[in-house]
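**Student:** Let me give you the structure first, and then I'll get to my questions.
The values are calculated or read from the model by the stated rules, or taken from the named source; none is laboratory data. This is a predicted model, so every value here is computed, not measured. Here Cβ is always computed from backbone atoms with ideal geometry, including for glycine, and neighbour counts include all displayed protein chains. When the accessible area is computed, the model is the full protein with side chains, heavy atoms only, and any ligands, DNA or RNA have been set aside. Shrake-Rupley method; radii C 1.70, N 1.55, O 1.52, S 1.80 Å.
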Amino acid sequence: EAGVAQSPRYKIIEKRQSVAFWCNPISGHATLYWYQQILGQGPKLLIQFQNNGVVDDSQLPKDRFSAERLKGVDSTLKIQPAKLEDSAVYLCASSRLAGNNEQFFGPGTRLTVL
Amino acid sequence: AQSVTQLDSQVPVFEEAPVELRCNYSSSVSVYLFWYVQYPNQGLQLLLKYLSGSTLVESINGFEAEFNKSQTSFHLRKPSVHISDTAEYFCAVIPFQGAQKLVFGQGTRLTINP
């Protein structure tokens, strides 16, 4: 079974530029999550999708971050414009369902904002 | 709301020595508990979880964790560590009710010295 795929693995941009991350979850997983992991901290949930609907985006900075999951499969997370404090690893995870189901994580995208 | 505290940011131990990684949580409702591991340059992987039943849970590679409801703790232990256990370990919780999202601790970096 293929794991969660993410691209790119690394991205360096200047502040005020835009950036997009892509995630392909495990086939058949209905729930998809985007996390932000700042250096020295644990992952923090940004947004959770159930199929192509948003379940929780309470911690997503909506003035600059957006995410979509068209057709309930792949997802993209965008930052526009980026700030220095957005430097972090962005993790995508998926699970069969929500709740206490195991979440499977991708390798992450390391974003550096200069 | 839930919070997770991992009391040690770094734990250095010698190979074949025992180790304990401490985790305490705070929640107004009952929670499920998890330990995730992140090996160098890899994504997060589930190590073990407590959902119900016996308060002592084990992983396939010799780790165990015990849920202590009165102390709101879920400490991770291994009687004899190996070089390959070098990784960052994250404790996390999901509440039984309400917003069912993983809340992570800040992580403990386990370094094994030969």
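**Student:** Without any contact (Cβ under 8 Å) to a residue 60 or more places away in the chain and farther than 23 Å from B:T111 by Cα, is that true of B:Y50?
**Tutor:** Answer is yes for this residue.
**Student:** What is the residue count in segment A:94-113 for residues that are among the aliphatic types (A, V, I, L, M) and either farther than 20 Å from B:L51 by Cα or at pLDDT 95 or above (or both)? Outline the logic, then answer.
**Tutor:** Narrowing segment A:94-113 to residues among the aliphatic types (A, V, I, L, M): A:97-98, A:111, A:113.
Then drop every residue that is not either farther than 20 Å from B:L51 by Cα or at pLDDT 95 or above (or both), which leaves A:111, A:113.
Total satisfying the criteria: 2.
**Student:** Please work out which residue is surrounded by the fewest Cβ atoms within 10 Å (Cβ to Cβ), limiting yourself to segment A:23-68 and to residues that are in a strand (DSSP E or B) and small (G, A, S).
**Tutor:** Taking segment A:23-68 first, the residues in a strand (DSSP E or B) are A:23-24, A:31-37, A:44-50, A:53-56, A:65-68.
Checking which are small (G, A, S) leaves us with A:53, A:66-67.
Working: A:G53: 9, A:S66: 16, A:A67: 22.
Taking the candidates together, the pick is A:G53.
**Student:** Let me ask something else. Only one of these is open to solvent by 10 Å² or more (accessible area, probe 1.4 Å) and within 10 Å of chain A (Cβ to nearest Cβ): B:V4, B:V29. Name it.
**Tutor:** Values: B:V29 fails: within 10 Å of chain A (Cβ to nearest Cβ).
Of the residues listed, the single one that is open to solvent by 10 Å² or more (accessible area, probe 1.4 Å) and within 10 Å of chain A (Cβ to nearest Cβ) is B:V4.
**Student:** Answer yes if at least one residue in segment B:14-23 is within 22 Å of A:S95 (Cβ to Cβ) and within 14 Å of chain A (Cβ to nearest Cβ), and no otherwise. Don't jump to the end; show me each part of the working.
**Tutor:** Here is the first cut: in segment B:14-23, the residues within 22 Å of A:S95 (Cβ to Cβ) are B:23.
In the following step, the residues that additionally are within 14 Å of chain A (Cβ to nearest Cβ) were identified as B:23.
There is at least one residue in segment B:14-23 that is within 22 Å of A:S95 (Cβ to Cβ) and within 14 Å of chain A (Cβ to nearest Cβ).
**Student:** Right, next: So A:S87 ticks every box in (1) surrounded by 15 or more Cβ atoms within 10 Å (Cβ to Cβ); (2) under 27 Å from B:D8 (Cα atoms); (3) facing another protein chain (nearest Cβ under 10 Å); (4) over 13 Å from the mean Cα position of the chain (by Cα) but one. Which box is left unticked?
**Tutor:** (3)
**Student:** Something else now. Taking B:K78 as the residue in question, decide whether it is open to solvent by 50 Å² or more (accessible area, probe 1.4 Å), touching a Phe, Trp or Tyr at 6+ places or on another chain (Cβ under 7 Å) and touching a residue at least 12 places away in the same chain (Cβ under 8 Å).
**Tutor:** Values: open to solvent by 50 Å² or more (accessible area, probe 1.4 Å): no; touching a Phe, Trp or Tyr at 6+ places or on another chain (Cβ under 7 Å): yes; touching a residue at least 12 places away in the same chain (Cβ under 8 Å): yes.
So B:K78 does not fit the description; no.
Residues checked against (1) free of Cβ contacts under 8 Å to residues at least 12 places away in the same chain; (2) basic (K, R); (3) farther than 30 Å from B:F96 by Cβ:
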{"site": "A:S66", "(1), (2), (3)": "no, no, yes"}
{"site": "A:R69", "(1), (2), (3)": "no, yes, no"}
{"site": "A:L77", "(1), (2), (3)": "no, no, no"}
{"site": "A:L84", "(1), (2), (3)": "no, no, yes"}
{"site": "A:V89", "(1), (2), (3)": "no, no, no"}
{"site": "A:N101", "(1), (2), (3)": "no, no, no"}
{"site": "A:F105", "(1), (2), (3)": "no, no, no"}
{"site": "A:T109", "(1), (2), (3)": "no, no, yes"}
{"site": "A:T112", "(1), (2), (3)": "no, no, yes"}
